[in-house]
Amino acid sequence: MHPYPQDQWYVVAWSRDVGRGLSARTVCGEPVVLFRATDGRVVALGDRCAHRRYPLSLGSLVGDVVQCGYHGLTYDCSGTCVSVPGQSRVPSAARVRSYPVLESSGWVWLFVGDPENADARDVPDTHWLDDPGWAAIGDVARIACRYSLLVDNLLDLSHETYLHAGYIGTPEVASTPITTEVDEPGGVVRVSRRMRGAQIPEFYARSTGLSTPIDRWQDIEYRPLGFYRLDSRVAPAGQEPLPGGSDDGAAHMKILYAITPETEGSTLDFWAVARDFALGDEEVTGFLDAMQRTIVQQDVDALEVLELVVAAEERGPGVRELSVRIDSGALAARRMIEKQRAGS
Ligand SMILES: [Fe+2]
């Protein structure tokens, strides 16, 4: 079984981070070099020269060809070698992999499996990242942990109460039961938590101006392996959305995570927070950006500790983990990912 589901789109970069330089990425164990061609499109090639395996990302981009920094072989945007110094004939085996890539609302997605199976319609909707009705911030963190620890973390938000106390967590997050829904054919896990008359955490108090008590909804939609969306709604306690769908007076956020396995011990955590209130307010933007960076770092620190513990236990006699009610979403996600791995 492959360590990662193959026929999937994974986020490999923020669009703003891909330019006319060569940047190296590792996606599902595969070395990839990214660059922007002269016509503006993003190109992703295997990052090992066919000749002596030197990383192409250490070479240079000349027009639309990549020149290896070791012996000067050059490759076009399809990964075909177009020149070999010292000879006129180019061996037909001289090529590197070329990956399907597409850009959508600020993220660059790469299809790691069989290119025949790459369907642009499978790229999740992230329009909140560049929709004028929303204000978005985001970045990427590298976590020295296996992807499954990040999936567990995001599917069980009860940890907000403890790991993120004083930031995004209040006692009600852990004490309010969740509902879990698994749409197996659709490849979606939904976890929902509706808190009534709850305390407002700092994250929402300072950004929305609301105060305790609030109704706070967390509706997670996770599409294994690589895409997670949290629909967050915060409103004065007792205020329900109107039957027509209008929900003025409530604050909504889309908290997005793209999970991209690098290796068996490292994962890229692309995060974004989009809000539908205080759109032009730079102070709110700055506050949320600083707050979310702290929250992400708290997760990074915890998951890196956990990775060391889990890896050490794998080498020894091992200690079995225990699952409880709050794990239903994470367990459903694990089962789905196992099936995806088996199918690829
Ligand atoms: Fe967290």
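The numbers here are math on the coordinates, done by the rules we state, and not lab data. This structure is a prediction, so every number in the text was calculated from the model and none was measured. Positions of Cβ are generated from backbone atoms using ideal geometry, with glycine treated the same way; all protein chains shown enter the neighbour counts.
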- Query: Between residue 70 and residue 289, what is the spin-label point distance in nm, taking each point 7 Å from the Cα along the Cα→C-beta axis?
  - Reply: 4.0 nm
- Message: Just to be sure I understand the model, the point goes 7 Å from the Cα along the line to the Cβ. What's the resulting residue 102 to residue 183 distance in nm?
- Response: 1.9 nm
- Task: Consider just the alpha-carbon atoms of region 9-121 and return their Rg together with their Dmax, both in angstrom.
- Result: 13.7, 45
- Query: Just for the Cα atoms in region 132-343, what are the lengths along the principal axes, largest first, rounded to whole Å?
  - Reply: 53, 33, 32
- State the extension gain, in nm to one decimal, for the chain segment bounded by residue 212 and residue 175, taking 0.36 nm per residue of separation less the distance between their alpha-carbons. 11.6 nm
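Could you tell me the calculated FRET efficiency between residue 144 and residue 192, based on Cβ-Cβ distance and R0 = 35 angstrom, to the nearest 0.05? Working shown, then result.
Working: r = 31 Å, r/R0 = 0.89.
After rounding, the FRET efficiency stands at 0.65.
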- Message: So for the chain, averaging the separation of alpha carbon pairs under 8 Å that are six or more residues apart and normalising by length, what relative contact order in percent results?
- Response: 19 percent
- Task: Using R₀ = 25 Å, calculate the FRET efficiency as 1/(1 + (r/R₀)^6) where r is the Cβ-Cβ separation of residue 6 and residue 125; round to 0.05.
- Result: 0.65
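Rounded to the nearest 20 Debye, what is the dipole magnitude of region 132-343 about its Cα centre when Lys and Arg each give +1 and Asp and Glu each give -1 at the C-beta?
The dipole of region 132-343 has a size of about 440 debye.
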- Query: Can you tell which of 270, 287, 35 shows the greatest fluctuation in a Gaussian network model of the chain with Cα springs below 10 Å?
  - Reply: 287
- Pick out, from 310, 60, 133, the residue whose Cα sits farthest towards the positive end of the charge dipole of the chain, with +1 on the Cβ of Lys and Arg and -1 on the Cβ of Asp and Glu. 60
- Item | Lys/Arg +1, Asp/Glu -1 at C-beta; region 187-246 dipole; positive extreme among 211, 242, 195 | 195
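Starting with the fewest neighbours, write out 82, 305 ranked by other beta-carbon atoms found within 10 Å of each beta-carbon.
By the 10 Å Cβ count, ascending: 305, 82.
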- Give me the distance in nm between label points sitting 7 Å out from Cα along the Cα-to-Cβ direction at residue 52 and residue 325, one decimal. 6.4 nm
- Item | Most mobile listed residue (169, 329, 316) in the chain, GNM with C-alpha springs under 10 Å | 316
- Message: Can you tell me, using C-alpha contacts under 8 Å and at least 6 residues apart, the relative contact order of region 82-232 as a whole percent?
- Response: 12 percent
- As a Kirkwood estimate from alpha-carbon pairs, region 54-208 has a hydrodynamic radius in angstrom of 20.8 Å
- Message: Could you identify which residue out of 309, 273, 300 has the top mean-square fluctuation in a GNM of the chain using Cα springs shorter than 10 Å?
- Response: 309
- Note on the structure: In terms of the charge dipole of region 132-343, which places +1 on Lys and Arg and -1 on Asp and Glu at the beta carbon, the residue among 330, 286, 257 farthest towards the positive end is 330
- Query: Given a cut-off of under 8 Å on Cα pairs at least six residues apart, what relative contact order in percent is computed for region 51-90?
  - Reply: 24 percent
- Query: Calculated FRET efficiency, residue 114 and residue 315, Cβ-Cβ r, R0 30 Å, to nearest 0.05?
  - Reply: 0.30
